[in-house]
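The values are calculated or read from the model by the stated rules, or taken from the named source; none is laboratory data. Everything numeric here is computed off the predicted structure, so don't read it as measured data. Positions of Cβ are generated from backbone atoms using ideal geometry, with glycine treated the same way; all protein chains shown enter the neighbour counts.
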Amino acid sequence: MRVTLHLLLLLLLFLILSFASSESSSGNKNVFFDFNGAGGRNPPVHAISDGSYKWNSNQIWEIFSVPGSNTRIIIKNAGNSFVLFSAGHEQTVKCKRNRDVSDLAAQWDLEGATVENVTDSTQVRFCNAKDGTYLDLSGGNTTNGTAFLTWKDGHGGTNQAFKLWKH
């Protein structure tokens, strides 16, 4: 099963229903998960909140369920099919074309939903199947260009909470 989604990092305690504004009244900011320059740049995936999510394929990701599971997934960039994978604790997440998706480093456990019940108000976390690290916005810093990395534990922080939009 394939679902095309935007990954929106939630840096608020409540789900955001309007995406036209990237800032709440409390000053917390929502940022999108962006494939930096469509590949070849460091960090490979970074935060961005420039409003380009409406048209920028670097911010559109496809989620594929692993056969036999409704929570284990593969995440690919929709623009060029680069596969998102973990390089280990406190490392920036990586993206590579033709990455072997049978490698557990390229598989993520979806926490908070199943592939079948994702809606535009679904909040999830992603735990890597190989090393148990969580997809994490470095230091919770919402500045454009901040790297996404993997962190050793799912601490429940907002820098590990993502909102999925069906596309």
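With a cut-off of at least 2 residues that are modelled with pLDDT under 95, surrounded by 15 or more Cβ atoms within 10 Å (Cβ to Cβ) and not aliphatic (A, V, I, L, M), name the strands (runs of 3 or more DSSP E) lying wholly within region 67-137. Can you show your working first?
Details: elements: 72-77, 83-85, 94-96, 108-111, 122-128, 134-137.
The qualifying strands (runs of 3 or more DSSP E) are 72-77, 122-128.
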Exactly one of (1) within 17 Å of ASN36 (Cβ to Cβ); (2) over 15 Å from the mean Cα position of the chain (by Cα) is unmet by ASN117. Its number?
(1)
Between THR146, THR142, which is hydroxyl-bearing (Ser, Thr, Tyr), in contact with a helix residue (DSSP H, G or I) (Cβ under 7 Å, 6 or more places away or on another chain) and under 23 Å from GLU90 (Cβ atoms)?
THR146
Kindly indicate whether THR71 is on the phi < 0 side of the Ramachandran plot and touching a Pro at 6+ places or on another chain (Cβ under 6 Å).
no
Only one of (1) more than 19 Å from ASN77 (Cβ to Cβ); (2) in contact (Cβ under 8 Å) with a residue 40 or more places away in the chain does not apply to ASN128, and that is (1)
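Just to verify a result, which residue in region 149-167, among those that are more than 12 Å from VAL93 (Cα to Cα) and buried (at least 19 other Cβ atoms within 10 Å of the Cβ), is farthest from the chain's Cα centre (by Cα)? If you could, list the steps in order and put the result at the bottom.
Filtering region 149-167 for residues more than 12 Å from VAL93 (Cα to Cα) gives 152-167.
When the remaining residues are screened for being buried (at least 19 other Cβ atoms within 10 Å of the Cβ), the result is 159-164.
Numbers: ASN159: 11, GLN160: 9, ALA161: 9, PHE162: 7, LYS163: 9, LEU164: 9 Å.
If we take residues in region 149-167 being more than 12 Å from VAL93 (Cα to Cα) and buried (at least 19 other Cβ atoms within 10 Å of the Cβ), then ASN159 is farthest from the chain's Cα centre (by Cα).
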